[in-house]
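The values are calculated or read from the model by the stated rules, or taken from the named source; none is laboratory data. All figures in this text were calculated on a predicted structure; none of them were measured in a lab. Backbone-built Cβ (ideal geometry, glycine too); neighbour counts: all protein chains shown. Accessible surface areas use protein heavy atoms only, side chains included; no ligands, DNA or RNA. Shrake-Rupley method; radii C 1.70, N 1.55, O 1.52, S 1.80 Å.
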Amino acid sequence: MRKIKLIAGPCSAESKEQLYGTVSAIVSFRETMEKVGFELEAFRAGAWKPRTRPGCFEGVGEKAVEWVASVRRETGLDGMVEVAKASHVEAVLKAGLKRVWIGARTATNPFDTQEIADALKGCVDISVFVKNPVNPDVDLWQGAI
């Protein structure tokens, strides 16, 4: 039977306790998920959260990347975070994570996606996921990819 791959986790890593609690809950359901055709492939959490309104919670940044990397080391579950600029990519690579995603807002900005691509140049063992752009169309998807 072919399994549906699942990537799960909170929109935002707000604290180490919240992140570990979420991972614990997800991992505890792993066996149940597998019985119904799902395979838990990775864990995700937002480190940097772009917001429309200034002053809203924008994530804890590199601390969250370290928490996700710690989860990866402790559980063996691949971790991933959203990246929006080169410094984010550098933090992810430094932490040893092997997956990133380009968020919906970033995917629509060719300058940001080029900056990320330049930062990832030469990295052959990194998986890059592209989140559905705000106004999706084939050209936007192709540009982000």
Can you pick out the pairs among K98/K131; K3/K131; K35/K85; K3/K94; K16/K121; K3/K85 whose Cα atoms lie more than 27 Å from each other?
-> K35/K85; K3/K94; K16/K121; K3/K85
The rounded separation in angstrom of the Cα centers of the range 115-131 and the range 1-43 is 24 Å
For the range 52-145, what is the relative contact order in percent, using Cα pairs closer than 8 Å and at least 6 residues apart in sequence?
-> 25 percent
May I ask you to order 14-20, 103-109, 76-82, 50-56 by the average number of other C-beta atoms within 10 Å around their residues, highest value first?
-> 76-82, 103-109, 14-20, 50-56
In the range 35-145, taking the dipole from +1 charges on Lys and Arg beta carbons and -1 charges on Asp and Glu beta carbons about the Cα centre, the listed residue (I102, A45, A117) farthest towards the positive end is A45
Could you size up the charge dipole of the chain around its Cα centre, putting +1 on the beta carbon of Lys and Arg and -1 on that of Asp and Glu, and report it in debye to the nearest 20?
-> 220 debye
Could you give the accessible area per residue of the chain, probe 1.4 Å, as a whole number in Å²?
-> 58 Å²
Measure off, as a whole percent, the carbon and sulfur share of the 1.4 Å-probe accessible area of the chain, all protein chains present.
-> 53 percent
Solvent-accessible surface (1.4 angstrom probe) belonging to K3, in square angstrom, nearest 10 = 80 Å²
